[in-house]
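Before any comments, here is the structure.
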Amino acid sequence: MSTLERVFHAVLFEFLAIIGSVIGLMLFTEHELASLSGTMIAIATIAMGWNFVFNLGFDRFFTGAREKRTVKQRIIQIALFESGLLILTIPVMAYILEISLIEAFWLDISVTLFITVYAYVYNYAYDHIRASIISKRQTHEPLELS
């Protein structure tokens, strides 16, 4: 995966994650849209940097075709990524939302649970769609969007 594609992958992931997280937090907390949006944008920015660095290292450790990764490999990837991200984002969430670190921890855990499921689905879909596009390009077949 090229650097440009890694950037695209991370930006698309975070854009969709922000939308889903803000909607979920609005349903289950009393924080305002503006503060939740700002918090999730800050966290997404941190996550994009962490995503790039972490997955670069992960891809060097787990070589081979990404679409052939096992469920175990994908679970390890998500667990390690999200653990590192929690360490980076709990203080940010506490500061922006003006809540305690314990409250931020529980709120961040809630977001992390959502993102963990989302990350699995997103990466699985992305890898398979990417493999299909590459395969079609290599065989010079027109890409069908159905």
Angle between the Cα long axis of helix 3-28 and the longest principal axis of the chain, 0 to 90 degrees, nearest 10? 40 degrees
Roughly what angle does helix 33-61 make with the longest principal axis of the chain, taking Cα atoms, 0 to 90 degrees, to the nearest 10? 40 degrees
Assuming R0 = 25 Å, can you tell me the calculated FRET efficiency for the pair Thr3 and Leu113, based on Cβ-Cβ distance, to the nearest 0.05? 0.25
For a Förster distance of 35 Å, can you work out the FRET efficiency between the beta-carbons of Ile41 and Glu67, rounded to the nearest 0.05? 0.70
Kindly write out, for the range 105-120 in residue order, the coupling ³J(HN,Hα) from the Karplus curve 6.51 cos²θ - 1.76 cosθ + 1.60 (θ = phi - 60°), rounded to whole Hz, with x marking Gly and Pro. 4, 5, 5, 5, 4, 4, 4, 4, 4, 4, 5, 4, 5, 4, 4, 4
For the chain, longest principal axis from Cα atoms; helix 71-97 axis from its Cα atoms; angle between them, nearest 10 degrees, is 30 degrees
Please identify which residues in the range 17-33 have an amide N closer than 16 Å to a label point set 7 Å out from the Cα of Phe58, following the Cα→Cβ vector. 17
What does the extension gain come out to for Tyr120 and Leu86, with contour length at 0.36 nm per residue minus their alpha carbon separation? 10.5 nm
Order of 90-97, 2-9 by packing, highest average Cβ count within 10 Å first? 90-97, 2-9
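Only the coordinates and a few stated rules stand behind these numbers; no lab work does. Computed from a prediction, not measured in an experiment: that's the story for all the values here. Glycine also receives a Cβ, built like all others from the backbone with ideal geometry; neighbour counts cover every protein chain displayed.
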